[in-house]
Amino acid sequence: MKKLFLDDLRTVDMVYDYSVVHTFDVVRSFNEFVTHIQKHGLPEFISFDNDLGLDANGEVAADGYAAAKWLVYESGLDLSKLTFKVHSANPVAAEQIRGLLTNYISFTNRQHLLPGD
């Protein structure tokens with residue numbers, strides 16, 4: 001199972017059991033997230049942080065919510081089988097990510113069940 005861990009600071013073993021660390025690819029920024037998925041395809045599982053620090057110009061970097069929005073609105077990928085967890089300490093942003101992905105995946109899966117497809 002391909003897994004992706006998006007976080008600018010944490011290591012996988014800070015969120016998950018050490019025995020599964022080797023199953024994750026780690027990306028540290030929005031740009032790395034997009035590049036990794038474009039190169040390797042959609043993983044089966046993504047673990048999202050939201051706040052991804054500062055960019056090279058010292059500005060607030062694109063965050064985990066931007067990554068989730070990219071998946072939904074720009075990637076063109078079939079997310080119907082995607083599983084995910086939000087491990088962000090930011091409760092408002094965590095709920096935004098969960099809400100967007102859960103609602104989109106539910107909608108997509110309902111569309112696949114419509115007659116005539």
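Whole-Hz ³J(HN,Hα) for each residue in the range 7-23, computed from phi via Karplus 6.51 cos²θ - 1.76 cosθ + 1.60 with θ = phi - 60°, x for glycine and proline: what do you get?
6, 7, 10, 5, 9, 4, 5, 7, 10, 10, 4, 4, 5, 10, 3, 5, 8
Quick one: LYS2, LYS81, LYS69, fewest Cβ neighbours within 10 Å first, how do they rank?
The order, fewest Cβ neighbours first, is LYS81, LYS2, LYS69.
Could you list the residues of the range 31-45 with an amide nitrogen less than 16 Å from a label point located 7 Å from the Cα of VAL21 in the Cα-to-C-beta direction?
Answer for this model: none.
Quick one: divide the alpha-carbon radius of gyration of the chain by 2.2 N^0.38 Å and tell me what you get.
Normalised by 2.2 N^0.38 Å, the Cα Rg of the chain equals 1.08.
Under a Cβ-Cβ cut-off of 11 Å, what is the net charge of the residues other than LEU9 that fall near it, where Lys and Arg count +1 and Asp and Glu count -1?
With Lys, Arg at +1 and Asp, Glu at -1, the net is -2.
Residues with beta-carbon under 12 Å from that of THR35, excluding THR35: net charge, scoring Lys, Arg +1 and Asp, Glu -1?
That sum, taken over residues with Cβ under 12 Å, equals 0.
Using only the alpha-carbon atoms, what does the range 1-54 span along each of its principal axes? Please give whole angstrom values in decreasing order.
Answer, in whole Å and largest first: 27, 26, 12 Å.
Taking the Cα centre of the chain as origin, work out the dipole magnitude from +1 charges on Lys and Arg Cβ and -1 charges on Asp and Glu Cβ, in debye rounded to 20.
380 debye
Grab the Cα-Cα distance for ARG98 and ASN57, subtract it from 0.36 nm times how many residues apart they are, and report the gain in nm with one decimal. Walk me through the numbers on the way to the answer.
On the way: separation 41, 0.36 × 41 = 14.76 nm, distance 2.89 nm.
Result for the pair: 11.9 nm of gain on full extension.
Between ASP25 and residues 5 or more places away or on another chain, which pairs have amide H atoms under 5 Å apart, with H built 1.01 Å from N, and which residues are they?
LYS3, LEU4, PHE5
Determine the sum of side-chain charges near VAL86: Lys and Arg each +1, Asp and Glu each -1, restricted to other residues whose C-beta is under 10 angstrom from that of VAL86.
Once all neighbours under 10 Å are counted, the net charge is 0.
Values quoted throughout were computed directly from the atomic coordinates according to the rules given, and no laboratory measurement underlies them. The shown structure was predicted, so the numbers you read here are calculated from the model rather than taken from an experiment. Positions of Cβ are backbone-derived with ideal geometry, glycine not excepted, and every protein chain shown enters the neighbour counts.
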